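The values are calculated or read from the model by the stated rules, or taken from the named source; none is laboratory data. These figures come from a predicted structure and were not determined experimentally. Cβ: placed from backbone, ideal geometry, glycine included. Neighbour counts: every protein chain shown. Surface areas here come from the heavy atoms of the whole protein model, side chains and all, with no ligands, DNA or RNA. Shrake-Rupley method; radii C 1.70, N 1.55, O 1.52, S 1.80 Å.
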Amino acid sequence: MSDTNTDTTAKHLLVTRHLQVDDYDRLVDIMKRCYPMMKGNLWLKSQIEKLIRIFPEGQVCVDNHGEVVAFALSIIVDYARFGDSHSYEDIIDNSNFGTHDPDGDVLYGIDVCVDPDYRGMRLGRRLYDVRKELCENLNLRSIVAGGRIPNYHKYSDKYTPKEYIQRVKEKEIYDPVLFFQMSNDFHVRKVLKNYIPYDKASGSYAVLIEWNNIYYEEKEETFGTKKSSARIGVVQWQLRSVRSVESFFENVEFFVDAVSGYQADFVVFPELFNSPLMSEFNEDDSAKAIRKLAQYSDEIRDKMVKYALSYNINIIAGSMPVYEDGRLYNVSYLCRRDGSYEAQYKIHVTPAERSDWGMTGGNEVKVFETDTAKIGILICYDSEFPELSRILADQGMEILFVPFATDMQNGYNRVRICAQARAIENECYVAISGSVGNLPKVKNMDIQFGQSAVFSPSDFAFPQNAIVAEGTPNTENTIVADVDLTDLKYLHNSGSVRNLKDRRTDLYEIKLKK
């Protein structure tokens, strides 16, 4: 993108281009001159860097002989999630820009600034023309912005904001920002109160303005695009003796078939759901028996990948013991319906897993991409460590799957209560899947207590008790539940409370060490 006056002998050599991080010092100079009443609220270099990283096309400037003399910043938002009653901080996510959505429908202008020495050269119009071109090229519905009314403080004792706007329209009063916007084909939608509380010149008011893209075409849903909802199947698995691995697979396939028949996107099995196969090693001690059970894990994983393909469903294959390089791990496999798979190792092993089986914890926590949603997997005990799910939430997790195995109700309650807390504090859905029944010939897995469930955040868009669905305790059954992913986005930006946005990151943070 370049709009250049090529006369190198001229006093001005104006170029319209994308902003670079190296332009920051010059941006500060311009902002200080343009916003003398807002000097404590200028853009930080880290914020400009992030805008350039997440949406470089939206950050533009005009430079004169290589020096920036005007600039404009913007993001893309899903406007339906904000509506016309919003604040500036709502839009910019408290300067974190988590609201930028490449799949959104509106280009939102968050700043335009022209060096006072260059006013009268129509540089603002150049920047607005670039925005309009970008809006058309990206097929966005419109450009929206909250326009300051910087001269309102001179008239606030005489006119309401509505009266002030009308007098500007009638050219009885001159307001440089509002006049400029209306001259560039923007129309006023409404007056926003407390839009920028520290904007004293505007009396904290702003005018919501819009330019409509007449070339906008409604986007059609196509194959391969992310869905706005997800259907989750949860298996509450009866531990029963099996004659062979083939018999075990028959039981597994029954549930995959049943849940996929409801066109579910996911099905999740419990932790160590293959433990019935350990009964043939009952004569060995527990540590030897589970290592022998691990011999089946590759075969089971491959079979689950095959089921995911043939039944067109993403499978969270509970967890299984995996023996690698002389170490025993507890591993859950995500088997995607495109034939790929990835593994999540249990991070925290319980005291019993360590002492009885000699298990070792894994070292990687990550979000998995699927064709429906970004998901995380935490195996049983891991759900009781809030740091892990917070790291996943920071990576964009929408659904957390928790395969678990608990022998007594107190153990189950730890998993359930913590899972509900994870849903609320991380603004995501959590599906827990456990086993029921008993296995008389399998040490450490002989009795089970479980009630599988799908939990939601707790706000108006979700069930009043924050439970989407739950199974009958200690009875083999399945749950099939729909969850709305767009409700999560609304919660992030406009919830009654906003656990992710309101964190005091200036005071504390959680991060991985490796």
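A few points about this structure:
- Prolate/oblate/rounded label for the range 362-438 (Cα gyration tensor, a/c 1.5): prolate
- The antiparallel fraction among DSSP beta bridges confined to the chain stands at about 75%.
- Calculated FRET efficiency for the pair Val245/Asn499, C-beta based, R₀ 35 Å, to 0.05: 0.20
- Only one residue of Phe71, Thr99, Ile149 has its Cα farthest out toward the positive end of the dipole of the range 2-154, where Lys and Arg carry +1 and Asp and Glu -1 on Cβ, and that residue is Ile149.
- Pairwise centroid distance, computed over Cα atoms, of the range 115-137 with the range 323-350, Å: 53 Å
- Within the accessible area of the chain (1.4 Å probe), percent carbon and sulfur: 47 percent
- Accessible area in square angstrom per residue, the chain, 1.4 angstrom probe: 46 Å²
- Debye equation applied to the C-alpha atoms of the chain, log10 I(q)/I(0) at 0.06, 0.07, 0.09, 0.13 Å⁻¹: -0.39, -0.51, -0.74, -1.14
- Percent of Cα pairs exceeding the 22 Å cut-off, where the set is the range 32-137: 34 percent
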